[in-house]
1. Amide H to amide H, which residues 5 or more places from residue 86 or on other chains are under 5 Å from it, using H placed in the peptide plane?
2. So how much accessible area does residue 154 have, in Å² to the nearest 10, using a 1.4 Å probe?
3. Report the label-to-label distance for residue 91 and residue 25 in nanometres (one decimal), using points 7 Å from each Cα along the Cα→Cβ vector.
4. Using the beta-carbon distance between residue 42 and residue 176 and R0 = 22 Å, what value does 1/(1 + (r/R0)^6) give for FRET efficiency, to the nearest 0.05?
5. Arrange the residues 100, 87 by how much accessible surface each exposes, largest first, with a 1.4 angstrom probe.
6. Rank 111, 163 by accessible area, highest first, at a 1.4 Å probe radius?
7. Keeping all protein chains in position, work out how much accessible area residue 30 exposes to a 1.4 Å probe, and write it in Å² to the nearest 10.
8. What is the percent carbon and sulfur in the accessible area of the range 115-171, measuring with a 1.4 Å probe over the protein chains and ignoring ligands?
Amino acid sequence: AGVAAAPVAGFGVAGALYHVSDRAKVLGVISTVLGVLSGSGSLIGGLLTDVLSWRAVAALPALTLPAIAVTLHLASRTGTGSGRIDVAGAALVALLASCVVLLLETPSIDFATWLLVTLAGLAAAAAALLARRIRRVPHGFIPAALIRSRRYVCGALATLALFGAYVGLQFAAPSLLL
């Protein structure tokens with residue numbers, strides 16, 4: 001569960017360290033790296049399991065520990081941001097992302113209809129509140145300049161589509177093969 005906070009921490013550090021004019025590019029690079037790594041995680045895990053063992057895959061998150069020192073060093077720089085984290089914006093992003101991931105996993109999990117409707121409603125509400133938050137706090141957790149960047153939005157939508165297909169196939173394909 002702690003590893004899931006790494007992207008949020010990375011975006012927070014980038015937001016604090018880079019000027020508004022540079023944030024879209026930096027956040028785009030971070031998003032691209034996260035998309036490639038999450039998309040190739042199953043392949044890398046499978047290769048490690050075949051070559052070494054499942055224990056190597058279970059120990060792999062320990063390799064992120066050295067990144068803590070680097071992140072703490074970067075976070076201690078003065079940066080260009082206010083040094084404050086937009087907690088409300090971060091919470092809305094976390095809620096929206098959690099709902100979307102759970103909805104994408106529904107082919108493998110037998111959710112009750114009321115739960116699916118609740119998740120979809122929460123996702124829609126979180127998206128609407130997040131859009132409002134971005135308009136009201138232009139230098140918040142998700143900078144308004146980032147949302148205005150056509151290249152970033154197109155890349156984010158492509159990443160979402162690929163991630164959705166990947167997660168859907170990951171959970172639906174085994175049931176189709178049986």
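The values are calculated or read from the model by the stated rules, or taken from the named source; none is laboratory data. Since this is a predicted model, take the numbers as computed values, not measurements. Every residue, glycine among them, receives a Cβ derived from its backbone with ideal geometry; neighbour counts consider all protein chains shown. Accessible surface areas use protein heavy atoms only, side chains included; no ligands, DNA or RNA. Shrake-Rupley method; radii C 1.70, N 1.55, O 1.52, S 1.80 Å.
1. When sequence neighbours closer than 5 places are left aside, the close amide H contacts are 141.
2. 70
3. 3.5
4. 0.85
5. Largest accessible area first, the list is 87, 100.
6. Of 111, 163, the descending order of accessible area is 163, 111.
7. 40
8. Carbon and sulfur atoms account for 70 percent of the accessible area of the range 115-171.
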